[in-house]
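Notes for the one structure printed next.
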Amino acid sequence: MNESLGEVHSTVTTAGKTGWRKLLSFLGPAYLVSVGYMDPGNWATDLAGGSQFGYQLIWVLLMSNLIALLLQSLSARLGIVQGLDLAQASRNAYPRWANLPLYILAQIAIVACDLAEIIGMAIGLNLLFGLPLIWGISITILDTVLLLFLLNKGMQAMESFILSMVFIVGIAFLTEMFIVEPSLNDIFKGLQPSVLEGNALYIAIGILGATVMPHNLYLHSSLVQTRKIERTKKGIQESLKYNLIDTVVALNLAFFVNAAILILAATAFYKNGYFEIAEIQDAYKLLENIFGSLAPALFAIALIAAGQSSTVTGTLAGQIIMEGHLKLRIQPWLRRLITRLLAIIPAFFTIVYYGEDYLGALLILSQVVLSLQLGFAVIPLIHFTSDKKLMGDFAIKPWVKILAWFSALIIVSLNIKLVYEFLRTWLSGDNNWWVIAILIPVILAIIFLLLYVSFHPLFKKSSIIPSNVPHGKALEIPEVETVLYTAVGIPVDFSSHDKATIRHALLQGGKLAHYYLIHIVETAGARYYGDKVLDFETRSDEDNLEIYRLNLEKLGYHSTVLIGYGNTARAIAKLTNKNNLDLLVMGAHGHKTLKDMIFGSTLNSVRHRVKIPILIVR
């Protein structure tokens, strides 16, 4: 699949629909985003908060959800009005040197999110089949296949898959909460803000990072562009309205699911004296009232579903930030594989060196990392949606701007407080040279970048710049001159494709060109001994090439036979460069992905090794 997310923009039509049909055509992007609010990382922080602090942190969950609602609506507004995702807008607003660290920080957040999905998947497989966690982590690399399948089915099919997963995750916990009937008085007390210190601050920031996920801001600003709308003031206003409804409903559903988990953990663990942080492996016990002995299996399925859903959204977000910040596009499966491998490394390291019991702590740490990256996504987003020159009449109102900056201040302040507490602890210990030599300079560099991101847009004049898509801009085409090819290479393999390949080559050069019939001997002897080999296949290939040459001579064409040895792509490129060919005409065998992975893709390898045009004949 070579298609980027930008190439499915405006593929879901909304025109000609009214009422509920109109609303339904806009539903989807926020639900895709809300999946990240119900992933294993959220479950871990909710369980930790409820089991250790009872109902005390419900207000943190509510505050996080309100901040998420505000910021996700700003993200959707940016995508709808400007037609840019957050990464593209950042590339337009900030210089290249700033975009690289912004990309790295965003990628770290995606890896941290993916780490949560890996651990959740491994725990789910452990509960279902008793599979050791280290093997479960290894298996998670195979979900790349599922991702490719979903990407090829289109956006609406993917959204339908995600919605079904969200339903599985949420329904069980919501049902259980109504059955156990927790104390409403205690819940209302938990909605009152309290001072956060020590581990309560750490868990609270984990909840914030698990709820207001930075990569979701990039994702939402791009997903809303998949809806084809009228680019009029009325059409944009209508789109903003329906997307706001989509966001409010989806994120509030996610909030109720997370609140149910925290409340259940407080009721089942904290109230019964289990004040230690409950591991996510224990969460199935919250569902035993409903499902009895089936609880572990059903919880495991929900956990795997949540992890797989978030994996898809994380991969899409990775595509957006890479193309937006770096103007770089690579294959989705390769990008997915890189992200997954980067996430697997810390999970493996934790199990090998600390044991499986520490995976829960690693899960919460991944959510804290998400929170630490939030400022670098939130602050630019507020700048971009406040800019009247770029947003016109759709720039956010002053009261919304005040709320947004207040939210950003809460996020950054909590993160600074956490970093300060950790630094103070580490500096008070022995052997703290690495804190002074490495950690403090890195923290100072990150603070400088945050300040730059915060103040640079205030001093830079806004200008409307087209979307920073990887292709660049269209060029003016001058008067076309005839191209004459004088040395045409024709790689042949004595298959049924040769006839079409040679015919197309002759049409390009006519009888004035000289043709080079190229064949590569790939036997084991040819790979080791090159032109010194004289086995049966080599002699047979020479005879066949001579037959082709004589046929062309009878037709009035001039040709030369060239034989190479060993690796096909390298040998073709070597003969092409050595004989100064100006055109290659190659036959394509139409291999699919699996055959290309097994047998290799000669065409792709050759085109990267030569600097002349290549005509591909299928």
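Phi-derived couplings, Karplus 6.51 cos²θ - 1.76 cosθ + 1.60 at θ = phi - 60°, listed residue by residue for the range 233-248: 4, 5, x, 5, 4, 5, 5, 4, 5, 5, 5, 5, 4, 4, 5, 4 Hz, with x used for Gly and Pro.
Using the Cβ-Cβ distance between Ile402 and Leu66 with R0 set to 22 Å, the FRET efficiency works out to roughly 0.95.
With K and R counted +1 and D and E -1, the other residues having a Cβ less than 11 Å from that of Gly41 yield a net charge of -4.
Work out how much length Glu481 to Ile104 would gain on full extension: take 0.36 nm times their residue separation and subtract the Cα-Cα distance, in nm to one decimal. Don't skip to the answer; put the middle values down first.
Numbers: separation 377, 0.36 × 377 = 135.72 nm, distance 4.53 nm.
Gain in length upon complete extension: 131.2 nm.
For Leu615, the residues 5 or more places off, or on other chains, whose built amide H falls under 5 Å of its own are Leu584, Val585, Met586.
Backbone geometry of the range 301-308 corresponds, through the Karplus equation with coefficients 6.51, -1.76 and 1.60 at θ = phi - 60°, to 3J(HN,Hα) couplings of 5, 5, 5, 5, 4, 5, x, 5 Hz, x marking Gly and Pro.
A full extension of the chain between Ala500 and Ile440 corresponds to an added length of 15.1 nm, given 0.36 nm per residue minus the alpha carbon distance. The H on the amide N of Val521, modeled in the peptide plane, is under 5 Å from the matching H of Gly564, Tyr565, Gly566, each at least 5 residues off or on a different chain. Taking each of Lys327/Lys611; Lys233/Lys327; Lys417/Lys460; Lys233/Lys401 in turn, the alpha-carbon distance tops 28 angstrom for Lys233/Lys327; Lys417/Lys460.
For the range 365-436 and the range 332-362, what is the centre-to-centre distance using only Cα atoms, to the nearest Å? Cα centroid of the range 365-436 versus Cα centroid of the range 332-362: 26 Å apart. Once C-alpha pairs closer than 8 Å and six or more residues apart are averaged by separation and normalised to the residue number of the range 326-456, the relative contact order reads 20 percent.
Taking GluC sites (Glu not before Pro) across the range 193-267, the ones in a DSSP loop with at most 16 further Cβ atoms lying within 10 angstrom of their Cβ are Glu197, Glu230.
Here the spin labels are modelled as points 7 Å beyond Cα on the Cα-Cβ line, and at Ala588 and Arg424 they lie 6.4 nm apart. Computed from phi, the 3J(HN,Hα) profile of the range 612-617 under the Karplus parametrisation 6.51, -1.76, 1.60 (θ = phi - 60°) reads 10, x, 10, 9, 9, 10 Hz, with x in place of Gly and Pro. Each Cα pair under 8 Å and six or more residues apart adds its separation to the average, and for the range 230-384 the resulting relative contact order is 10 percent. Taking 0.36 nm per residue of separation and subtracting the current Cα-Cα distance, fully stretching the chain between Ile171 and Ile245 would add 24.5 nm.
Ranked by the mean number of other Cβ atoms within 10 Å per residue, highest first, peptides 484-497, 444-457 order as 484-497, 444-457.
Each reported figure results from applying straightforward, stated rules to the coordinates on display, with no laboratory input. Since this is a predicted model, take the numbers as computed values, not measurements. We place every Cβ from the backbone using ideal geometry, glycine too, and count neighbours over all the protein chains shown.
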